[in-house]
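This report concerns only the one structure given below.
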Amino acid sequence: MLSMPAPTSVTKTTRAERIRHPEVESLDLATIMRTLGDPLRIQIVRLVDAEGEILCTEIYDQLGLPASTGSYHLRQLREAGVTRARAIGPKRMTSLRREDLESRFPGLVDLVVSGSGPAA
């Protein structure tokens, strides 16, 4: 059985490229939890939360990640609705969708960013 893709919003850029993000109403707790099941992604979320908004390359540098690995994990977080990316020329800024997540799943972000465990 084929499922319909979740509705998305588009962050407009000055280039032809568009960065797609799920609409707030389509954020799914199971998808978010599955995405946050990777300790590296928890580290990324905590770093982005601490910085507010951060260049993707700074995330890679601070966590010692190859660009391909960092890009993959950031895409997973964005497609799940955890983060938002915006283009500044050829660079990408990443921020946490704290308000959107809080409106759908109250307390989730605080639990993730303040939790203890291997990613802490």
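The values are calculated or read from the model by the stated rules, or taken from the named source; none is laboratory data. What you see is a predicted model, and the numbers here were worked out from it, not measured in a lab. Positions of Cβ are generated from backbone atoms using ideal geometry, with glycine treated the same way; all protein chains shown enter the neighbour counts.
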In this structure, does residue 50 turn out to be exposed (fewer than 15 other Cβ atoms within 10 Å of the Cβ), aliphatic (A, V, I, L, M) and either at pLDDT below 95 or not in a strand (DSSP E or B) (or both)?
yes
Checklist (1) at pLDDT 95 or above; (2) touching a strand residue (DSSP E or B) at 6+ places or on another chain (Cβ under 8 Å); (3) surrounded by 15 or more Cβ atoms within 10 Å (Cβ to Cβ) applied to residue 55, failing item
(3)
By residue number, the members of the range 29-44 that are free of Cβ contacts under 8 Å to residues at least 60 places away in the same chain and either over 15 Å from residue 101 (Cβ atoms) or exposed (fewer than 15 other Cβ atoms within 10 Å of the Cβ) (or both) are 30, 33, 34, 37, 38
